[in-house]
Amino acid sequence: MKAIVINEFGTSDVLTYTEYPKPTISTGEILLRTIYTSVNYADIKNRTGNKAKGNFPMILGLDVAGIVEEVFNENSNFQKGDQVIAFPTNGAYAEYVVAKEQLVFKVPYDVPLEKVAAVPTVSFLSYILTHQIAPISQNDSVLIHAASGGVGTMLIQMAKKLGAKQIIGTVSTLEKASIAYQLGADHVLTYDQFSEHVRGFTGGLGVNIIFDSIAGAITEESLTCLAPYGTLVQFGNSGGKAGTIKTSDLHSSCRNVKGFSLGTTRDLRPEMLQQVAQHIFSLLKEDSFQVPIAKIFSLEDMQKAHELMESRQHQGKIVIKI
């Protein structure tokens, strides 16, 4: 089979399109033929060695949409030909992948595979963030960092559907603001002194919920515009630096900070994903629920896909069609 393999950490030119052994399955596993995969920021961190674990040669990638090719157990809930999305065990940038059955989700036939292909990671992440980690109510003002990216565009729509009173997004440049407005944001800002503007939009009170995937100084400044009893959810560090949180910023204001990782949840509590999968598919059935696609690449053009992700010039998801 064809796959994208890396033999060392580094820049995008370590991504090599090559022939690779087709994987085999064992108990509790399913072999999938990949139709689509996607590029997530975690792939960049894994490629550069910031997060990656394992041995070389290595295949990157978090999620796939495809067709069941083979099941190991006769009593499996899946059969050959089923249309699914999945979180593979050993990377997604390949024509065939293996996934644990508990991390495979059957896609209803009235949901286009092309639509769901872009969102396995970001849809599960955004749904759990907005419904379980920091549930949004109709009285909430919400701040969403990186609002034009894959997770950000999902979070805006989740917040809108849940009836948030006010949705504020941040982007690196205002050229990216249009997609956030289109999906339901009330205000879109750049990161330059965003907290001051947020306090202005909220009458000095601050927002009730902040979704932060950037970390570093953005996290620190976010706390200055978080309302009393508010919640900041930290679920990534695309900025590359950790932020400092002081206990004095929390106890007297009754604010709280929560952390969440979809990767950790896949490893330790996969049942959480099973519990929300059908809710996600129901959302994706709705014509009003949009899945913005930045660009679709072929597998052999993975280097270009990574370069676009790193440029931060895209809006929406970067998808790979195999």
>> So if I place +1 on the C-beta of Lys and Arg and -1 on the C-beta of Asp and Glu, and nothing else carries charge, what would the dipole magnitude of the chain be about its Cα centre? I want it in debye, nearest 20.
In response: 420 debye
> Helix-derived [θ] at 222 nm for the chain: sum -39500 (n - 2.57) over DSSP H runs of at least 4, divide by residue count, nearest 500?
Replying inline: -7500 deg cm²/dmol
> What angle do you read, to the nearest 10 degrees and between 0 and 90, between the alpha-carbon axis of helix 150-161 and the longest principal axis of the chain?
Replying inline: 60 degrees
> How do 251, 314, 306, 279 stack up against each other in accessible area, from largest to smallest, with a 1.4 angstrom probe?
Replying inline: 251, 279, 314, 306
>> Using only Cα atoms and rounding to the nearest 10 degrees, what angle (0 to 90) does helix 271-285 make with the longest principal axis of the chain?
In response: 80 degrees
> Under the Karplus relation 6.51 cos²θ - 1.76 cosθ + 1.60, θ = phi - 60°, what is the ordered set of whole-Hz ³J(HN,Hα) values for region 117-128, x standing for Gly and Pro?
Replying inline: 4, 7, 10, x, 5, 6, 6, 4, 4, 5, 5, 5
> Based on the Cα coordinates of region 127-212, what is the per residue volume of their convex hull in Å³?
Replying inline: 75 Å³
>> I'm checking a number: the convex hull volume of the Cα atoms of region 192-267, normalised per residue, in Å³. What is it?
In response: 93 Å³
>> Give me, ordered by chain and number, the residues 5 or more places off residue 243 or on other chains with an amide H under 5 Å from its own placed amide H.
In response: 216
>> What Kirkwood Rh does region 55-159 have if only Cα atoms enter the pairwise 1/r average? Answer in Å.
In response: 15.5 Å
> In the neighborhood of residue 40, defined by Cβ-to-Cβ distances under 10 Å, what is the net charge if each Lys or Arg adds +1 and each Asp or Glu adds -1?
Replying inline: 0
> If you roll a 1.4 Å probe over the chain with all protein chains in place, what percent of the accessible area is carbon or sulfur?
Replying inline: 47 percent
> How many nm separate the modelled label positions at residue 132 and residue 312, each set 7 Å beyond the Cα in the direction of the Cβ?
Replying inline: 3.0 nm
> Which loop trypsin sites (Lys or Arg not before Pro) in region 127-228, with loop taken from DSSP, have no more than 16 other Cβ atoms within 10 angstrom of their Cβ?
Replying inline: 165
> Any idea what log10 I(q)/I(0) is at q = 0.09, 0.15, 0.18 Å⁻¹ for region 164-322, Debye with uniform C-alpha scatterers and no solvent?
Replying inline: -0.38, -1.07, -1.39
> Which one of 77, 40, 256 has the biggest mean-square fluctuation once the chain is modelled by GNM with Cα springs under 10 Å?
Replying inline: 77
> Considering only DSSP states other than H, G, I, E and B, which chymotrypsin sites (Phe, Trp or Tyr not before Pro) in region 70-128 qualify as loop sites with at most 13 other Cβ atoms within 10 Å?
Replying inline: 109
>> For region 1-125, what are Rg and Dmax over the alpha carbons, in angstrom?
In response: 14.3, 44
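What pairs in 45/317; 45/304; 45/241; 100/285; 45/161 have C-alpha atoms more than 24 Å from each other?
Table pairs above 24 Å Cα-Cα are 100/285; 45/161.
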> What number, in nm² with one decimal, is the all-direction average of the projected area of the convex hull of the alpha-carbon atoms of region 1-73?
Replying inline: 5.3 nm²
> Per 10 Å bin, what percent of the C-alpha pairs of the chain does each bin hold, from zero upward?
Replying inline: 6, 27, 34, 23, 9, 2, 0
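The values are calculated or read from the model by the stated rules, or taken from the named source; none is laboratory data. It should be emphasised that the depicted structure is a prediction, and the values quoted were computed from it without experimental measurement. Cβ atoms come from the backbone with ideal geometry, glycine included; neighbour counts cover every protein chain shown. Note: accessible area is taken over every heavy atom of the protein model, side chains too, but ligands, DNA and RNA are not part of it. Shrake-Rupley method; radii C 1.70, N 1.55, O 1.52, S 1.80 Å.
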